[in-house]
Amino acid sequence: METQSQLPQVKKTALTILKILLLFLLLYVFICSLDILSSAFQLVGGRAAGKIFHKNVVLSNPVAGVMVGILVTVLVQSSSTSTSITVSLVSSGLLNVQSAIPIIMGANVGTSVTNTIVALMQAGDKDVFERAFAGATVHDCFNCLSVLLLLPVEVVCGVLRHLSQAVVDSLPLKSGENAPELLTVLTKPLTKLIIQLDKSVLGALATEDQIHMNKSLVKHWCHSAVIKENKTLLGAQILSKKTYKCKHLFAGSSLSDLAIGLILLICSLLVLCGSLILLVRLLNSLLKGHVAIFINKIVNTDFPPPFTWVTGYLTLLAGAGITFLIQSSSVFTSAITPLIGVGVISIERAYPLTLGSNLGTTGTALLAAMASRADKLAATTQVAICHLFFNLFGILLLYPIPATRLPIRLANALGKCTARYRWFPVLYLIVLFLLLPLVVFALSLAGWKVLTGIGVPVIILIISVLMINLLQARKPQFLPPILQNWNFLPIWLTSLQPMDDLITRVTLWCGQTRGCLGRNYEPDATARGESKENMESQEPDESQINQTKQYNHRSWVSKHTRKAEQSRTKKSTRSLTSENNMPN
């Protein structure tokens, strides 16, 4: 009897262990799919990204530099790749550090697009989607606010450039070994079998190196270093390279880079969606009941007073350490996005984790820069230190004082908007990461005068609207009566509801059109179906005829009633006049 009573408990424990193992397996597949997704984006948009850097005159404009950093990072889905291209341009002398700093800022903004895409995969549940999108966009809000605050200071004073130069001058720099690889050691065995890229081609496109410009991004031939003994009198050993055909899925393929990139993009997105859906369901099954409450308390509980403030900084350091270990901020923030959606991690706790992730990825870039060749060492180190100072100053401006934690409030507002309008995240991604950078970059190509003439009024308008909104919420009596609310404006300027109504009507119209086309072009239509449609079409006609008859009858009755009343009125009038005319 005791054995039978213990059997369900053993089964439950074994099932929990299997779920945990499956959770780690899905997490591994999820991270590998992110890596392949980055490779796919590099194949699809890598050449365009490399050619964007040709306009060195435009890149001297700091606003254009930020937009270039955003566009390139979105195209290649890797801030480290766009940063490495920038470093190669700086080390080759085609770009100075002053022009490289805005590109690094833009790369910081562009790298947050990955976790925002991951949040879209959780659109099935309204509440989960709201939390996940808010947790993903807190990264976007922090990076955008940091650029808005620090870019003008850098343009005017050059703080990041001067500080990084002072640090580089004080360091005894020596070229070291290759940068440490921790997460890639685990993911490389799988991703290496699917695709291998020659990232030096992207740098060649940026520097216009004719030797490598026409090469494919897909690596077909690999090199391995082999030490051979030299049988001369000196007895020295020389290092030679042995070339062999790469062993991955597309080695030796005749497909173009674009075709391979599109295939990998579709497959990686499908794997990413599938693994994320299974991951969320598995987390929901594991983290329910007392387990969810227990983990939620551990993760989101603060230290007791007066040490409550220490919790956020320890969380920040934890995010930096984990990101340094896995060497990718986009992977870390994408991995915690499902946890935010499930409710295990609150957005208040996710905010310092995201800030720490930004710091952790700069530490990895700094190690990689210090491990580069001697001729590129100073330039790469200075760019990496600028990246570090940019994130550090952003944290100092937007985290220590609770009132300055604007990204949390902005992300919550975006999450609520997403819960109400399901189409809003797609519009948000297109506008922030594609349309806005393209428009500003096009204005930069037209010159400083055009950019300033259009940009300054727009910025003044945005600042004015924000200040009026603030006064409307707190001190409306300071405003004139017409500005105490926005009722005088058209509704499409103050609400997204008209756009939502339009999208709903278009969606319904498309659905009806598809249904009508399906009925009209249905093969093997029977006469019975046609007669049924004729009967259906005749029924409303008969009802309309009956309604018309009834209406005509009522109108005829009322008409004759009015005539009778008029005739009676005339008779009474005549009788009265005749009586008055009679002699007494």
Original post:
What pairs can you find where one residue is in segment 259-273 and touching a residue at least 40 places away in the same chain (Cβ under 8 Å) and closer than 17 Å to LEU75 by Cβ, the other is open to solvent by 60 Å² or more (accessible area, probe 1.4 Å) and small (Gly, Ala, Ser), and their Cβ atoms are less than 7 Å apart, with a gap of 6+ or different chains?
Top reply: none
Original post:
For segment 131-146, does any single residue satisfy the condition of being within 25 Å of the chain's Cα centre (by Cα), of a type in the set (D, E, K, R) and assigned to a loop (DSSP other than H, G, I, E, B)?
Top reply: no
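State yes or no: is THR362 modelled with pLDDT under 85, crowded, with 24+ Cβ neighbours inside 10 Å and among the hydroxyl-bearing types (Ser, Thr, Tyr)?
Working: modelled with pLDDT under 85: yes; crowded, with 24+ Cβ neighbours inside 10 Å: yes; among the hydroxyl-bearing types (Ser, Thr, Tyr): yes.
Yes; evaluated as a whole, the condition is true for this residue.
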**OP:** Determine which single condition PHE303 fails, assuming it passes every other condition in (1) at pLDDT 80 or above; (2) farther than 18 Å from ASP127 by Cα; (3) surrounded by fewer than 19 Cβ atoms within 10 Å (Cβ to Cβ).
**Re:** (1)
Original post:
Looking at segment 383-439, which of the residues that are of a type in the set (Phe, Trp, Tyr) and over 30 Å from ALA365 (Cβ atoms) is least open to solvent (accessible area, probe 1.4 Å)?
Top reply: TYR421
Original post:
Can you name the number of the only condition in (1) within 23 Å of the chain's Cα centre (by Cα); (2) modelled with pLDDT of 80 or more that LEU22 fails?
Top reply: (1)
Original post:
From the set of residues in segment 59-86 that are open to solvent by 20 Å² or more (accessible area, probe 1.4 Å) and hydrophobic (A, V, I, L, M, F, W, C), which is modelled with the lowest pLDDT?
Top reply: LEU75
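For (1) modelled with pLDDT of 70 or more; (2) in a helix (DSSP H, G or I), each residue gets a yes or a no:
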position	(1), (2)
GLN165	yes, yes
ALA179	no, no
LYS188	yes, yes
THR191	yes, yes
VAL201	yes, yes
ALA206	no, yes
ILE211	no, yes
CYS222	yes, no
Subject >> Pick from segment 89-103, criterion open to solvent by 10 Å² or more (accessible area, probe 1.4 Å), assigned to a helix (DSSP H, G or I) and of a type in the set (A, V, I, L, M, F, W, C), ranking: modelled with the highest pLDDT >> reply: VAL97
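The values are calculated or read from the model by the stated rules, or taken from the named source; none is laboratory data. For clarity, every value in this text was computed on a predicted model and none was experimentally measured. Every residue, glycine among them, receives a Cβ derived from its backbone with ideal geometry; neighbour counts consider all protein chains shown. Keep in mind that these areas ignore ligands, DNA and RNA; they rest on the heavy atoms of the full protein, side chains included. Shrake-Rupley method; radii C 1.70, N 1.55, O 1.52, S 1.80 Å.
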